Every structure is written in structure tokens, then in C-alpha cells.
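The values are calculated or read from the model by the stated rules, or taken from the named source; none is laboratory data. Computed from a predicted structure; not experimentally measured. Neighbour counts run over all protein chains shown; Cβ positions are idealised from the backbone, glycine included.
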Amino acid sequence: MNPLLSVRNLTVRFGETTAVDDVSFDLPRGGALGIVGESGSGKSVTCRALMKLLPSVAKIDGAITFDGDDILGASEAKLNTLRGKRIAMIFQSPASHLDPLMRIGDQVAETLRKHTDLKGRAIQDEVLRLLDVVRIPDVQRCARAYPHELSGGMKQRAMIAGALACKPDLLLADEPTTALDATVQKSVLDLLAELRRTQGLSMIFVSHDLGAVARVCDDVLVMRKSKLVETGKIRDVIENPQHEYTQMLIASHPDRLRLHKPQDVARAAPLFEVKGVQIRYGGGSILDSLMGREGGFVAVKGASFSVQRGEALGIVGESGSGKTTLARSLVGLVKTAKGEILYEGSPAEPTGRNRAAYLRDVQLVYQHPYEALSPRICIRDAIGEPLRRHKLCSPKDIPAKVADLMQQVDLAPELGDRLPAQLSGGQCQRVAIARALAMDPRVLIADEVTSALDVTLQAQVMDLLIRLQKERGLTMIFISHDLAVIRRLCNSVIVMRQGEIVEAGPTADVFDSPTQDYTRTLIDAIPRLDAAPA
Amino acid sequence: MKMSPMFLWGAGLVALWGVIALAAPMLATHDPYAIDFEALLQAPSAQHFFGTDNVGRDTFSRVIYGARLALYIGILGVIAPMLIGMAIGLTAGYFGGWVDSIAMRVVDVAVPFPFFVLVLSIVAVLGPGIENYFIALALVGWVGYARLARAEAIVLRSSEFVMAARTMGFSHPYILFRHVLPNALSPVVVYMMTDVTLVILFGAALGFLGMGVAPPAAEWGVMISEGQIYISTAWWISFFPGLAMVLIGVGFALMGDGLAKMLRIER
């Protein structure tokens, strides 16, 4: 039987740069193919080329045949009869692909009206049926809701419902779960796998995460630097990767990383002690005091925990759980409404008069490698800035000190003159770490430092942090939604949910025998390479 | 930084005007103020390139000398509004709260009035003259800069690199100068380029209305105004100063657009 989709020698060029270089593959009817690679590997461009959804500057060569039709040679009119109707696509950020001023039900109905003969009542019924297919609870209410009223996972489901509206033969999914929390990601992946079975859908699933692909797909393409480096059955590729890059990709997956044994710490007086900290945004207005209430939104509700000297503490939770807010309160970026923070047994005032001295000991590294560095300051100056401003060493020693810091985080000295935009994400994250280390802190708080990085870089940055902790005897607080990262790095862990600490304890205990259902869901949602397909 | 061709064209045009202004005594074929009753309202010729006006002054020489005034007014006129606007806008945007509320209410008061009407009424109160035009510009021209700078500062204050600077214990004034200002500068500089054109244009308009540079000065607006009644018979009196104004405006506008492209940080 002819394959549903056949791609031969696909090459896409944007001016001088080749985004996709000589890629060929087939997708059988009912098959599911994963395309895996790091950012910039050309996987998304490949996916978009299949629908000819590329800007006009792109030069596309090769051949794409969909069910006997030539795609690249087809007219725009012909393509529009395929797009949406026979080939549908879902994207990474449902929030930016749904019209904020249109009800969910109407957005799904729009496709039906355009591409089917259904009218009036029949459209409404079909919309509700589709929302039900993607397992949206309370479909009547959701159909009337606007996108902002739904959570990220629900929005992604609504987008999938819209994509399924015309019973397409092929669904293109471009990183559909990347922006979602792990638990939501798992449920969306399960949904996709289920739709494959029940709707007989063929699928191309683009992701940077091999674990996510393994849940949904039978076959996988591994791309690197615009080229196809490996293809095969997903099980075979994971068990027995042939190409050196695939081997590295799999070795970098948190599942396969050697579990780092954190140093044991003495149970003495804690270095950091947080007692009943409450953080609220807004509130305290005149109206609030008249009403005799506190008002505002409580982001953290009475959190208490302590950190031992030399310990690595993990704080995990889904987005909106308050973990980042809690971390920011430790360095004075947000004020605490109640409770106190003790550092070395005495009250610390991260927002108070002596903040400069306190912040020399406690440093925070941010999530987004590019955004945490001032875009017009070269990295040598960025790393030297704390030294200069706080006169931590004499001006003539600064260049040597900066060079030493750069070496500690494995940055080549010749990168010093570059601007952040001229570095890779991993390199920027190293600069941010070096800059924090320039203060010679005793506590390093890492806020989702690996989330924005590709898996191979994630592994490198984690190794760097482990090494620095050992060398400098740092106390670390890791904030992450990625439990695999936390398990690898931390002695003890705190689980947060909706502003509250729901579980805390030594890492091994929490992971092996969680007492809360919520913790168990989080652990089960960790993408695994060896998980059976859903 | 890669030069954008648009910037080069614009800068070239502006530089050309700069040279013309500096070398005016050498380039001018006649004394711009010399009245010659022998040669009234003469059409452009080899003797008078751009013709002469109703009192026989050489239009070409007057346009050349006019470049001095135009550049002087344009460049000097934007500096004070830019500095005031940046200071107010950045402070308001960065700190927020009541500082922001007060600054923005003042802006709200200034915004609904047409800019030129405000300038005109201030000049009318203070009396005609170029110095009073500058004062009027400083009083109302900062509003545009303040709104731009404030919008940039609001975005920047919640960026991670500004938060990082906070957590390194740097002071607010330092962060404002070192981390916020450089990144808020590019839209302001681009706006300034279009503003130069506007200020020249309004300066000329004031001259035209008799409230700016006083006649017999070789000022383009004054010249256009004087040529107005002869427009059907001696078009050259108003046409050439007008053309000069277009060319200087295009120069600054191209420079602004080119700068916008160059100041963007490409990844």
C-alpha cells in the first residue's frame, strides 16, 4: 500500500542558511512518526514544510506527496482544500493560536462551517461531540468559555478538538506539550495516543523530548543541524542508538543520567530557616481595610522549611504553585506579608537596609538564559559588574578574577567580548552562574535554570552545578517543575501546590514512598524513556 | 554594527545639509540680505539660480543660509524635550506607584491638545522669537519622549536582568542608568529623528505666521510666507525653501528608520 505521506530529499533554505538538508521519510496510513531534535535542528521547519506553511523567502526543494497529491507543486487554492481538512496542525502555545475574543465553541465551529456541509444545530452538536472526544469536562460550559478562562491543558485540548473537526487524515503536532506542566503534558500525550487508536489518525509529532515521543509514536526521526541522523522504530532507537548524537541525546535524558549522590549534611543549626512566610500580591487598598479584609492574591500561604549548610534542597510544583515567588522572597524581590526568614540564626531582611551584605551571601540564578543578562553589556563586563560595584577586589585584579570565573564555568576566554545574543542558551546560563559566583555566595538559588535548555545542555549545566557545589561547599536551593532534575541533585525536597507546602522530606523518601496523591501524580508524570506506549 | 543602507542615505543627506550650512558664505552667490531693486521677482537663471524675491534678494543664497537656521532650530529644539522626557519617563516607568501616577496625569493633560496649538499659544504668551519657541518645545515636547521611555522602562523593570541586578544589591539609580537607559534608548533616538523634522517644520510654520524668526532673516518659513502672495507669478520664492525642507526632512527620517534597524539586537 502507498504511504499516506512521502517526503523525498526535502531541502529548505533561508537565504544562505540551510534549515532542512536532504530529509526523506514515509508515513504509512495510521502511523505515528516522531521528529526529535534540539532547538534549531530543523524539526519544526520540516513539519511546516509539509503544509507549505513557510515564509515566501524559504526555498524548498525535493518532493512531498500526500495521498498521491504533490504538495510542493500545488496551487494555494489546492493547498487550502488540504489544510485544515485533510491535514491539521496543532502548535506549542495554544494561548497564542486561539483568538482571545472568540468563544472556544465558536472557534471549533468556524472550521466546521468552512470545511463541512453541516449547518446550524448540527454544528453545535458536532462541536460538543468534538470537545467530548478530547476529554474536556463539562463541555457545555467550556464551549461558551473564552480562551483565558481555561487552563493551558484545556486550551491545548480545545485546539486539538478544532484540528479534529474535519476528521483529518494527518495531524501535525509541533511541540504540543512543551509549554505544559508535566502532569498536564502526560494527559495530553495520553489523549493523542488514544486519538490515534480510536480515530485512526496518522500523526507527526515534533518534540525535543524523546520520552514524550515514545508515549505516542511508533517510529522516530532524529534530526541534528538540519540533517537526519537516525531513523527507526522508537524502541530500537532508544535501546540501541546507532548514531553518536542519538547516543548522547539518550544518555542526557534524566532517566539515564547517573544518579548523583548528594553529600550527607550534618543535622546542625540550619543555615536558612523560613518560618510561616506568607506572600500576597495586591491587597491592602483603602477598600480592603474598610471591608476588614487583607485582600489581594495569596501566592504563598505560610511556608516553613529549613536548609542545612551544604545541603541541596529542591522545591517542586506545577506552574502557579508559588515556588518561584517563594524563592524570590528569599532574595528580596518580593516582600513577605507575614512570617520571617532567618539566616544563620538571625533575622534576615532581604528588602531592608543591610540587603547588600545579605545578598553577597545569597544569590539567585534565573530561568531564561537570554533574559537574565543585560543585552547591551558584553559578558566580561557582566561578570565583572558585581566585583566593580561592590569593590570586591581592586580594579586591576578584576580581569584576572573574571577570567578565573569564566574558566570555572567552562567558558572559553575568547567569548568575553561577545554580547549575550551572540551566545547559545547554555553559554548564557554559564555566564549567569559565573556572575552569581563573582559575589562568592554561600547560598545559590537556582530558579528553573535548566528548563529553557535542550536536554544535552541541561545535563551539562546540572553537572556544572554539582561540581561547583562540591568545590565551593555551596548550599543550593533548586526550584524546578522537573522532578527528574530534582531527584538527581537534591538531598531533600519540598512539594508545593497552590501556595502551600504539601509534602517535605529527604529526596529518596519522597520519591520512593510519597504520602500525598499529588506528589505521586507528579512523579508518575515524569517522562520516561522506558515507559510503555500509552 | 552593520550599517544599514537606509541610514547611510539619510546620514549622507543630513551631512550634506551640514556642509551647506557650514560653508554657506562660500556657496552663496549673493549676500542673502542684499536688496536689489534692479532685479525684482526674476525667474531662475544663470545669474540667480533660484530666482529673486519681491525686493530682489537672491533666493538661492537665502535657501543656503536658511540651512543654518533650520539645523540650529531642529537639533537644539529636540535636546531639551528629549532630556526632560527621558528623565521623567524612565523614572515614572521604573518606579511606578505615585511617581508614575503624577507624571502620567501631567502627560494626560498635555496630550489631548494638538501639539502645535499648545506651542503656538505659549509662544503667543511669551512673545515671538526663536528662544521662546525653544522654551515652548521644552514645556510640551517632552511628553512624547516621556511616554515612549515610560513604556520601555515598564517592560524592562520586570525583565530578569533588572531583577538580577537587584539581587546583586545594586542601587536603583545605578540600575536605571546602566541597565534600563541603554535598552530604552533606541526607540527614543528613532523618535528624536522624526522629531527633528517636526521641530524644523513647526519652526518654519511659526516663521510663516510671523511668530518665530523675525523677517528679514533667511529662514525657510519666513521665505515661504513672503513668497505666498506671488505664488502664481513667481513660484520660485516659496518653492525652493519648501523643497529644502522636504530634503532635510527626508534625510532625518531615513536616518531614523535606518537607526531603528541598526539598534535592534539580532540573535
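Per-residue answers, yes or no, for (1) touching a residue at least 24 places away in the same chain (Cβ under 8 Å); (2) assigned to a loop (DSSP other than H, G, I, E, B):
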residue: B:202; (1), (2): yes, no
residue: B:205; (1), (2): yes, no
residue: B:214; (1), (2): yes, yes
residue: B:229; (1), (2): no, no
residue: B:237; (1), (2): yes, no
residue: B:244; (1), (2): yes, no
residue: B:247; (1), (2): yes, no
residue: B:251; (1), (2): yes, no
residue: B:265; (1), (2): no, yes
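Answer yes if at least one residue in region B:43-60 is of a type in the set (A, V, I, L, M), assigned to a helix (DSSP H, G or I) and either within 29 Å of residue B:193 (Cβ to Cβ) or in contact with a helix residue (DSSP H, G or I) (Cβ under 9 Å, 6 or more places away or on another chain) (or both), and no otherwise.
There is no residue in region B:43-60 that is of a type in the set (A, V, I, L, M), assigned to a helix (DSSP H, G or I) and either within 29 Å of residue B:193 (Cβ to Cβ) or in contact with a helix residue (DSSP H, G or I) (Cβ under 9 Å, 6 or more places away or on another chain) (or both).
How many residues are within 8 Å of another protein chain (Cβ to nearest Cβ) and either of a type in the set (D, E, K, R) or under 28 Å from the mean Cα position of the chain (by Cα) (or both) if we restrict to region B:169-178?
1
Under 8 Å between Cβ atoms, which residue pairs at least 6 apart in sequence (or on different chains) link something in region B:157-168 that is more than 7 Å from chain A (Cβ to nearest Cβ) and assigned to a helix (DSSP H, G or I) with a partner that is crowded, with 20+ Cβ neighbours inside 10 Å and of a type in the set (A, V, I, L, M)?
Listed by first residue and then by second, the contacts come to B:157/B:180; B:162/B:156; B:162/B:175; B:162/B:180; B:165/B:175.
Could you check region A:201-222 and list, in sequence order, the residues that are in a strand (DSSP E or B) and either modelled with pLDDT under 90 or under 20 Å from residue A:527 (Cα atoms) (or both)?
A:203, A:204, A:205, A:206, A:207, A:219, A:220, A:221, A:222
Condition first: of a type outside the set (A, V, I, L, M, F, W, C) and part of a strand (DSSP E or B). Now tell me which residues in region A:22-73 satisfy that.
Correct list: A:22, A:24, A:26, A:34, A:59, A:61, A:62, A:65, A:69, A:70.
More than 32 Å from the chain's Cα centre (by Cα) and assigned by the TED database to the domain that holds residue A:190: does that describe residue A:15? First the steps, then the outcome.
Working: more than 32 Å from the chain's Cα centre (by Cα): no; assigned by the TED database to the domain that holds residue A:190: yes.
Spelling it out, it is not the case that residue A:15 is more than 32 Å from the chain's Cα centre (by Cα) and assigned by the TED database to the domain that holds residue A:190.
Residues are listed down the side, and each one gets a yes or a no for (1) of a type outside the set (Ser, Thr, Tyr); (2) surrounded by 14 or more Cβ atoms within 10 Å (Cβ to Cβ); (3) modelled with pLDDT of 90 or more:
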{"site": "B:3", "(1), (2), (3)": "yes, no, no"}
{"site": "B:15", "(1), (2), (3)": "yes, no, yes"}
{"site": "B:22", "(1), (2), (3)": "yes, no, yes"}
{"site": "B:32", "(1), (2), (3)": "yes, yes, no"}
{"site": "B:38", "(1), (2), (3)": "yes, no, no"}
{"site": "B:48", "(1), (2), (3)": "yes, yes, no"}
{"site": "B:53", "(1), (2), (3)": "yes, yes, no"}
{"site": "B:58", "(1), (2), (3)": "yes, yes, yes"}
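For region A:323-343, which residues satisfy the criterion of being assigned to a loop (DSSP other than H, G, I, E, B), more than 10 Å from every other protein chain (Cβ to nearest Cβ) and within 17 Å of residue A:306 (Cα to Cα)?
A:336
Starting from region A:87-99, keep only residues that are more than 18 Å from residue A:195 (Cβ to Cβ) and among the hydrophobic types (A, V, I, L, M, F, W, C), then list their pairs with residues that are in a helix (DSSP H, G or I) and at pLDDT below 80 whose Cβ atoms are within a distance under 9 Å, requiring at least 6 positions of separation or different chains.
A:95/A:152
Is region A:456-470 home to any residue that is in contact with a helix residue (DSSP H, G or I) (Cβ under 6 Å, 6 or more places away or on another chain), surrounded by fewer than 20 Cβ atoms within 10 Å (Cβ to Cβ) and not basic (Lys, Arg)?
Yes, some residue in region A:456-470 is in contact with a helix residue (DSSP H, G or I) (Cβ under 6 Å, 6 or more places away or on another chain), surrounded by fewer than 20 Cβ atoms within 10 Å (Cβ to Cβ) and not basic (Lys, Arg).
Determine which member of the set A:421, A:434, A:438 is within 14 Å of chain B (Cβ to nearest Cβ) and at pLDDT below 90. Let's see the steps before the verdict.
Details: A:434 fails: at pLDDT below 90; A:438 fails: at pLDDT below 90.
Every option except A:421 fails the conditions.
Out of region A:411-438, which residues are part of a loop (DSSP other than H, G, I, E, B) and in contact with a Leu (Cβ under 7 Å, 6 or more places away or on another chain)? Before you say what the answer is, go through the steps one by one.
Step one: filter region A:411-438 for residues part of a loop (DSSP other than H, G, I, E, B), giving A:411-412, A:418-419, A:423-424.
The one that is part of a loop (DSSP other than H, G, I, E, B) and in contact with a Leu (Cβ under 7 Å, 6 or more places away or on another chain): A:423.
Which of the residues that make up region A:358-384 are more than 7 Å from every other protein chain (Cβ to nearest Cβ) and in contact with a helix residue (DSSP H, G or I) (Cβ under 7 Å, 6 or more places away or on another chain)?
A:362, A:365, A:369, A:370, A:378, A:379, A:380, A:382, A:383, A:384
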